Amino acid sequence: MEVHAIGWAALAAIIITMITIDIVGHVRTPHEPTIREAAWWSLGYIGFALAFGCLVWAVWGADFGQQYFAGYVTEKALSVDNLFVFVLIITAFRVPRKNQQEVLLAGIVIALVLRLAFILVGKAMIESWSWVFYPFGLWLLWTAFSQIREGAEDPGAHQDEEYRPPSIVKWVSRVVPVTDGFIGARMLYRHGGRTYVTPLLLCVIAIGTADVMFAVDSIPAIYSLTVEPYLVFAANAFSLLGLRQLYFLIDGLLDRVVYLHYGLAAILGFIGFKLVNHALHTNELPFINGGEHWTAVPEPSIPFSLGFIVVVIAITVAASLAVSAGRRARARQAEAERAREGHRGGDAAL
């Protein structure tokens, strides 16, 4: 896939434009997005991603178009797991609801830069050592197993409590001056001739760097679907930039996707198998199959991989919502039973 410098410039322009729209249209005026607003903007981000995929399909052909879509769907599914950590970090720092958009956007921009570095390093490793697919694949298989063990986790609810500094703020305050609480939307605060760091900046850094651990899983995963850095970065960029509004759209609903970790485990396990299988097909290690290629198991095609990922996501969401609805119905029934028992007890006392 030959990508002219104009192609990279166009992708950069799209990303910068989307970030600028976020800053001007949302972050500049701190507010808590409504569900309706978050839904429309989430659809807008998905529309951008789909339009870009159609452009790739038209310019570079169906094969690369399918590679991009498979990579984007995979990254979008894996990015939902990021939201659990984002919720935990923002809750730990007790960021005011109206300032959470700014924190998320700044953290995502940091994550995007770090992921670009991961992508370039991954590309260099793949071009130099084909055997690198073995550790990548085995790591994803282990991650899939870890997802199964972990199960769904309740990220907790946002509460408008009085600010109390988390441990990291106390630790950083020993090294650099940190304000006692939030100063509006400021990340740095100048007072008394000294420059202070605010907890808002620490939260942004925490979100940006926390994404590194997700990149360790997602970058090898997408490289099993396409080895084109242009497509890898585009899929990562569009999935990350849509996280901010997705956070407000499904915040509070994450606990209903009870089978999320099992769905992600199936996707990561499948992709881990693909990586190991591809490494066997291009094997050059003398202690594996005598240094010969092992092609007994055909490599899954990109259309098959895309279909598998989409079906797993659909089943995971449908099953999770069905189970959650049943649990809520049973909880309401139990509450009604307790209310009736209370009334009967009151009548008996009279």
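The values are calculated or read from the model by the stated rules, or taken from the named source; none is laboratory data. Remember, predicted model here, so these are calculated numbers, not experimental data. Don't worry about glycine lacking a Cβ; one is built from the backbone with ideal geometry, like all the others, and counts go over all protein chains shown. All accessible areas refer to the heavy atoms of the entire protein, side chains included, with ligands and DNA or RNA removed. Shrake-Rupley method; radii C 1.70, N 1.55, O 1.52, S 1.80 Å.
Against the list (1) within 30 Å of PHE270 (Cβ to Cβ); (2) at pLDDT 80 or above; (3) of a type in the set (A, V, I, L, M); (4) part of a helix (DSSP H, G or I), the condition VAL297 fails is (4). Are there any pairs, at least 6 apart or on different chains, whose C-beta atoms fall under 8 Å, with the first in the range 287-310 and within 19 Å of ALA221 (Cα to Cα) and the second in a helix (DSSP H, G or I) and open to solvent by 70 Å² or more (accessible area, probe 1.4 Å), and if so, which? Listed by first residue and then by second, the contacts come to ILE302/ASP63. Applying the condition of being open to solvent by 60 Å² or more (accessible area, probe 1.4 Å) and within 14 Å of GLN101 (Cα to Cα) to the range 10-34 and asking which residue is modelled with the lowest pLDDT yields ARG28. State yes or no: is ILE168 surrounded by 12 or more Cβ atoms within 10 Å (Cβ to Cβ) and at pLDDT 75 or above? Answer is no for this residue.
Answer yes or no as to whether PHE118 is open to solvent by 10 Å² or more (accessible area, probe 1.4 Å), modelled with pLDDT under 80, within 20 Å of the chain's Cα centre (by Cα) and under 20 Å from HIS278 (Cα atoms). Considered against the rule, which asks whether it is open to solvent by 10 Å² or more (accessible area, probe 1.4 Å), modelled with pLDDT under 80, within 20 Å of the chain's Cα centre (by Cα) and under 20 Å from HIS278 (Cα atoms), PHE118 comes out as no. For the range 53-63, taking the residues that are assigned to a helix (DSSP H, G or I) and either of a type outside the set (Phe, Trp, Tyr) or open to solvent by less than 40 Å² (accessible area, probe 1.4 Å) (or both), the one that is nearest to VAL227 (Cα to Cα) is identified as ASP63.
Could we say that TYR262 is surrounded by fewer than 21 Cβ atoms within 10 Å (Cβ to Cβ), over 30 Å from ILE16 (Cβ atoms) and not aliphatic (A, V, I, L, M) here? Don't jump to the end; show me each part of the working.
On the way: surrounded by fewer than 21 Cβ atoms within 10 Å (Cβ to Cβ): yes; over 30 Å from ILE16 (Cβ atoms): yes; not aliphatic (A, V, I, L, M): yes.
Yes; evaluated as a whole, the condition is true for this residue.
Looking at ARG186, ARG194, just one residue is in contact with a Pro (Cβ under 9 Å, 6 or more places away or on another chain) and modelled with pLDDT of 75 or more, and that residue is ARG194.
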